[in-house]
Every structure is written in C-alpha cells, then in structure tokens.
Amino acid sequence: MPTPFVRTRSLWIIGAIFVVAGTIHFVFPTLYLRVMPPILPSPLFLVYLSGAAEIAGGLGVLSERLHRAAGYGLIALLIAVFPANLYMLLLQYRESGLSFATLVLILRLPLQYMLIRWVARSTYLIERGLGDRG
C-alpha cells in the first residue's frame, strides 16, 4: 500500500493529467474527432463528454469523499476509450506502415493498462494483499 505522501502525490498527478487532457478535448476537439471510430454516433458530443468526464474524474480524485467514485469513473473511461486508441493505431498503420509513430501507438496500449492500475492503486480500489501482485 502506498504511503500517505506517495498516495497524495499520485492523486495530484493523476488529477492534473486528467484535467489537462480533458481540457484539451474542448480546446482542440479536432484532434479527437480524427481518431473517433466512425461507428460511434455524435462524435463531437462524445469528444466533449469524454473531456468533461476526464475533468470531473481528475477533480474527483482530489476529494477524500469522492476519490473512490472518481477512480471507478476514470477506469471506466479508460476502458471505454480503448477502442479509439486501437482505431488510432490502425489509422496510423494504414497511413505509414510500421513507422516510429505506429510503434509509439503500439506501446501506448499497455500503458493504458498501467494507467488503470495506477488510478486503482492510488484511489485504493485495489491494495496489496487483496489479489494485487504488483
């Protein structure tokens, strides 16, 4: 289990990452529209919704009363956007083959899992000794 100092620092970093990322959805929505899978309806609405969810989750992890709920929400969001990450990888591969950019997007996929674990550990959704081995 992380020490209170490490946990607090982690929550602040997670909060900052998600608030900044969510804000970018509103400032530069075209970045996200380009990688939105075409099967999804109302792409601009979904970009704004996911941005708002990131901001809410990022702020929520900073509240002692809300950090667990925010952790669940951020993990659900990270799982929900995973198909967009795969779609972005496929688009890049079609455009440039096995380029450096494609390799970066390939490496991003396992980083999504590590981010989920970081959020879960920092918000005490999983703790050492409760099935967590890492």
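Where in region 24-51 does the amide nitrogen come within less than 12 Å of the point 7 Å from the Cα of Leu90, taken along Cα to Cβ? Within reach of a label on Leu90: 36-40. Spin-label model, Phe82 to Val104: label points 7 Å out along the Cα-to-beta-carbon direction sit 2.3 nm apart.
Can you tell me how much longer the chain between Arg68 and Gln112 gets when fully stretched, taken as 0.36 nm per residue apart minus their C-alpha distance, in nm with one decimal? Before the final figure, lay out each step's value.
Working: separation 44, 0.36 × 44 = 15.84 nm, distance 1.90 nm.
Length gained, Arg68 through Gln112: 13.9 nm.
The numbers here are math on the coordinates, done by the rules we state, and not lab data. As the structure is a prediction and not an experimental result, all values here were calculated from the model. Using ideal geometry, Cβ is built from the backbone for each residue, glycine included, and neighbour counts are taken over all protein chains shown.
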